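Note sheet for the following structure.
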Amino acid sequence: QKEVEQNSGPLSVPEGAIASLNCTYSDRGSQSFFWYRQYSGKSPELIMFIYSNGDKEDGRFTAQLNKASQYVSLLIRDSQPSDSATYLCAVNDYGGSQGNLIFGKGTKLSVKP
Amino acid sequence: DAGVIQSPRHEVTEMGQEVTLRCKPISGHNSLFWYRQTMMRGLELLIYFNNNVPIDDSGMPEDRFSAKMPNASFSTLKIQPSEPRDSAVYFCASSFRAEGGYTFGSGTRLTVV
């Protein structure tokens, strides 16, 4: 059973702090990694993707990938109350239907003013 | 582009009734996915189409569920007969390259009473 694991939270950080969201995955062959943000009652929205080991930065967001450890993370710098949402980690299903993404259950982030 | 369009947004039905959910993917996208989201199980893939052909339907919970994609711009997910445990939010998503991340529709919140 291929799995994507996330701490469900809630993760609470003060406004302006760095929020660190973590994800581990079981399929060693996975090649594509995604972070989605989902506001309450809304649909998931793609915010970052990463394919190679290392860091990828986009504005206040940094995705980090370590394939050897099967670990991917998302850092949010200068957190804002508008960042309060559930963050879903997704990994491509390498061994199965390669087009399929397997999602974690998400980490709920709360940014306190 | 208007994005992925799903209808209806909300559906309340009685147990045993047939339910049909509809999805219009983004024009030019060749992959379409149906997901179900619940608090307990998170986002679960039900079925995945590529170029209108079902590629992986292993997530369809049982024979009561069926999905079709008669052309590149339309897909349906049907539940017959519906049961209370089918209550969830059903998302349709599409992508140009499946490994490139998806765009989700707004979802259909289904309640079976």
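Couple of notes before you dig in:
- Where B:D56 falls short, out of the listed (1) crowded, with 16+ Cβ neighbours inside 10 Å; (2) modelled with pLDDT of 95 or more; (3) farther than 16 Å from B:A88 by Cβ: (2)
- Identification of strands (runs of 3 or more DSSP E) wholly contained in segment A:34-113 with 1 or more residues that are free of Cβ contacts under 8 Å to residues at least 40 places away in the same chain and over 30 Å from B:I47 (Cβ atoms) yields A:54-58, A:61-66.
- Subset of segment B:23-45 (residues that are without any contact (Cβ under 8 Å) to a residue 40 or more places away in the chain and under 18 Å from B:V112 (Cβ atoms)): B:M39, B:M40, B:R41, B:E44
- Conditions (1) closer than 22 Å to A:Y39 by Cα; (2) in contact with a Ser or Thr (Cβ under 6 Å, 6 or more places away or on another chain); (3) of a type in the set (S, T, Y); number of the one not met by B:Y35: (2)
- Checking B:L32 against (1) among the hydrophobic types (A, V, I, L, M, F, W, C); (2) over 30 Å from A:S52 (Cα atoms); (3) within 13 Å of chain A (Cβ to nearest Cβ), the condition it does not meet: (2)
- Condition met for B:D63 (among the acidic types (D, E), more than 22 Å from A:L88 (Cβ to Cβ) and within 11 Å of chain A (Cβ to nearest Cβ)): no
- For B:Y90, the criteria (1) touching a helix residue (DSSP H, G or I) at 6+ places or on another chain (Cβ under 9 Å); (2) hydroxyl-bearing (S, T, Y); (3) at pLDDT 95 or above hold in every case but one, which is (1).
- Selection count, segment A:30-74, where residues are surrounded by 12 or more Cβ atoms within 10 Å (Cβ to Cβ), of a type outside the set (F, W, Y) and under 21 Å from B:Y102 (Cα atoms): 22
The values are calculated or read from the model by the stated rules, or taken from the named source; none is laboratory data. If you're wondering where the values come from, they're calculated on a predicted model, not measured in any experiment. Counting neighbours? That spans all protein chains shown, and the Cβs are built from the backbone with ideal geometry, glycine included.
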